[in-house]
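Data block below; observations after.
The values are calculated or read from the model by the stated rules, or taken from the named source; none is laboratory data. All values reported here derive from a predicted model rather than from experimental measurement. Note: ideal-geometry Cβ built from the backbone for every residue, glycine included; neighbour counts use all protein chains shown.
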Amino acid sequence: MSIKRTLLTSAVSFGLAAGIASAESHATTITIATVNNGDMVRMQGLMDDFNTKHPDINVEWVTLEENVLRQNLTTDISTGGGAYDVMTIGTYEVPIWAKNDWLVSLNEGMADDFNAGDLLPAIAGGLTVDGNLYASPFYGESSMVMYRTDLMEKAGLEMPDAPTWTFISEAAAAMTDRDNDINGICARGKAGWGENMAFLTAMSNSFGARWFDEGWKAQFDSEAWATTLNFYLDMMNESGPSGAANNGFNENLTLFQQGKCGMWIDATVAASFVTGADSTVADKVGFTLAPDNGLGPRGNWLWAWSLAIPASSEKQDAAKAFISWATGPDYAALVAGNEGWANVPPGTRTSLYENEEYLTAAPFAQTTLDSILSADPTNPTVDPVPYTGVQFVAIPEFAGIATQVGQQFSDALAGNQTAAEALANAQALTVEEMEAAGY
């Protein structure tokens, strides 16, 4: 009897193992390319939920630094490489790539509870072309001022609800304490069209500058751009951290979390990280709108990191299942249950900003929403322009041009050239590239 039982047990075990192996061999494997920021890393830590709900789908990750990710994805999708099934892309890429037929529409095939109608119109509008949603936002953002309330009080100042750039510069100087390694202001200096040029382009709007006039003539030789860049360089040199030309979003986040920034002007999505468990100053952070100069536009941008499916993917159904999970309404509750409502990806759904639990837990929620709603990509500047986009120009050539311009401005911040030289170089290379492109 024991021998029979042993043989039977062995047979059952073998059968189960064979069944599991067979199921795994028939599973669909999708490759997801994403950026190495906190929200995306957090998502990877919650994959047990997805795996339980979709045991027939395996997920492989490619996680890259922001500038590298953009270059990698642009090369792959423009050549039809097919290396990825889901791409993390931004509001800049979506309409351009959709018009090239490089992306798959998400109007059909998403989960029944995906509820595209719940997406914030300000965010979804930038991801929609001819009535088709081509990417689903994982989080949406604008930019705002995050500041140390204790250092502001120590400096004898009170942060306005809507500060000017003059106040920010003066407050930065007052809050700087070199003996204790506290920098009054932290801001992006690392070269890149989505790094320092996102910050500086949004900032320039509030100074009356623009990339191009209505005839597509470059404007870096304008007084407004000179004022913008000189103001930025003076403020950063006086009150910013050493080596600021190497600092992007992640580097400045670390500085702020370590208590080394009095103020940080950057993406609203950073709010949950400066008030989170990794922040040494979590209980001393305030939030307010990005600065202005009284000319109309504020110095804030509009952006979403979104998940999209390249047309080259052969696993589009599985990719849609993943995007439905990662950007659907239930994901917020999943994050909240594991890490608290304050850590839910912000800026994507109307329902989140109607959720009292979230509003109570996230002191930055209203400022984030107000910042998103105040950015106008169709009228981003004081003077008229022929383009849309707040911190970018929605033309294919922009990424390459702005990366080169960003290098010029980063070099100026590093002290390798003057503001005048950087602007002259920016003007020359922009004119050359735009003429070559046929503008």
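Just one of the listed residues (ALA271, ALA267) is surrounded by 23 or more Cβ atoms within 10 Å (Cβ to Cβ), in contact with a Pro (Cβ under 8 Å, 6 or more places away or on another chain) and at pLDDT 95 or above, namely ALA271. Here VAL281 does not qualify as crowded, with 20+ Cβ neighbours inside 10 Å and β-branched (Val, Ile, Thr).
Considering each residue of segment 389-437, count those that are among the aliphatic types (A, V, I, L, M), surrounded by 16 or more Cβ atoms within 10 Å (Cβ to Cβ) and touching an Asp or Glu at 6+ places or on another chain (Cβ under 6 Å), and give that number. Matching residues across segment 389-437 total 1.
GLY340 meets the conditions (1) on the phi < 0 side of the Ramachandran plot; (2) in contact with a helix residue (DSSP H, G or I) (Cβ under 7 Å, 6 or more places away or on another chain) in every case but one. The failed one is (1).
The conditions of being farther than 29 Å from ASN36 by Cβ and in contact with a helix residue (DSSP H, G or I) (Cβ under 9 Å, 6 or more places away or on another chain) are met by GLY156. Right, TRP97: farther than 16 Å from ILE30 by Cα and in contact with a Gly (Cβ under 9 Å, 6 or more places away or on another chain) or not? Judged against the criteria, TRP97 is not a match. Of the residues making up segment 45-59, those that are within 21 Å of the chain's Cα centre (by Cα) and more than 18 Å from ALA333 (Cβ to Cβ) number 0. TRP305 meets the conditions (1) in a loop (DSSP other than H, G, I, E, B); (2) in contact with a Phe, Trp or Tyr (Cβ under 6 Å, 6 or more places away or on another chain) in every case but one. The failed one is (1).
If you take the residues of segment 33-53 that are out of contact with any Ser or Thr (no Cβ under 9 Å at 6 or more places or on another chain) and among the charged types (D, E, K, R), which of them is nearest to GLY340 (Cα to Cα)? Among those that are out of contact with any Ser or Thr (no Cβ under 9 Å at 6 or more places or on another chain) and among the charged types (D, E, K, R), it is ARG42. A single member of THR74, THR28, THR63 is at pLDDT 95 or above and of a type in the set (S, T, N, Q), and it is THR28. Among the residues of segment 67-76, none qualifies, meaning not one is within 14 Å of the chain's Cα centre (by Cα) and part of a strand (DSSP E or B). Scanning segment 275-298 for residues that are more than 16 Å from CYS186 (Cα to Cα) and in contact (Cβ under 8 Å) with a residue 24 or more places away in the chain yields THR275, GLY276, LYS284, ASP292, ASN293, GLY294, LEU295, GLY296, PRO297, ARG298. Candidates ALA245, ALA321: the one that is out of contact with any Ser or Thr (no Cβ under 7 Å at 6 or more places or on another chain), surrounded by 20 or more Cβ atoms within 10 Å (Cβ to Cβ) and assigned to a helix (DSSP H, G or I) is ALA321.
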